[in-house]
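Below is one structure, written out as structure tokens; comments come after it.
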Amino acid sequence: MKLFKSISIIAFFTLAACNAGTSQSLLDIDKFEAKLNAAPDAQIVDVRTPEEFGSGHLLNASNINIDDAAFDTQIAKLDKAKPTFVYCLAGGRSANAIKKMKDAGFTELYDMKGGFRAWSGARKPVDTGNGVAAPVEKKITGMTKADLDKILTGKRYVIVDFSAKWCGPCKVLAPVLDKIGKEMGDKVFIIKIDTDENPIVSDEFKIESLPTLMYFNDTKLLGKTLGWRGEAALRKDVTSFDLLAK
């Protein structure tokens, strides 16, 4: 019986130096909130997907998807001289957006450390679509690192794929990872974790970029790779972490 399995766990995921004339800061959620409240002319930019934005966002935020081809055109419509507050789910996409906006000439930029996940987790006000922001109930959902360790224990080689439904590169990676897994047969055990549905374990492993692949021998972390870089690169990663040995 082959050991290879692909598990989709559903129940249970800095900044560059400032250019002259541009002020940018990475702020934790409390400082981000305080700075935002002190800026009556603030522009708030949520760079997540429309689906993510629709499930909850900061009051008065505009949704400009960093992965949309029209991102540069849409940010060009904003006032570059006004303080602009940017956030995503966990911090990876907002950092990319900040760089683009800095290059575009925005003079005062603020990035939310930990993103919307940290904001909602701290029960900060969230607009769920009715134009009224209210604290969200903090819910303990999904698996924890301890839960994942139980799955990893005793397994020789494991690839843990942190991804999300909205993540384009994750969708491209999935069939290639499945293909490699089937080829490797009983040499590897593959676990797929949806970061939106498993925020606790995602936070514990500090997942800020998707997809993130983590390679384990039992519970020992061998290494990790970020993003989709092509099938050849993935095969090289698998080899470099000795997953094809013996």
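The values are calculated or read from the model by the stated rules, or taken from the named source; none is laboratory data. All values reported here derive from a predicted model rather than from experimental measurement. Cβ coordinates were reconstructed from backbone atoms using ideal geometry, including for glycine residues, and neighbour counts include every protein chain displayed.
Just one of the listed residues (Val160, Val176) is under 20 Å from Phe216 (Cβ atoms) and crowded, with 16+ Cβ neighbours inside 10 Å, namely Val160.
Each row is one residue, and each column tells you yes or no for (1) basic (Lys, Arg); (2) modelled with pLDDT under 90.
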position: Val136; (1), (2): no, yes
position: Ile140; (1), (2): no, yes
position: Gly154; (1), (2): no, no
position: Tyr157; (1), (2): no, yes
position: Lys165; (1), (2): yes, yes
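In this entry, Ser25 is excluded by the filter for residues that are in a strand (DSSP E or B) and modelled with pLDDT under 90. Among the conditions (1) at pLDDT below 90; (2) out of contact with any Phe, Trp or Tyr (no Cβ under 6 Å at 6 or more places or on another chain); (3) part of a loop (DSSP other than H, G, I, E, B), Ala118 misses just one, which is (3). Say whether the condition of being among the small types (Gly, Ala, Ser), at pLDDT below 85 and farther than 25 Å from Ala95 by Cβ is met by at least one residue in the stretch 182-199. Yes, that holds for at least one residue.
The strands (runs of 3 or more DSSP E) located wholly in the stretch 179-246 that include 1 or more residues which are polar (S, T, N, Q) occupy 212-217, 220-226.
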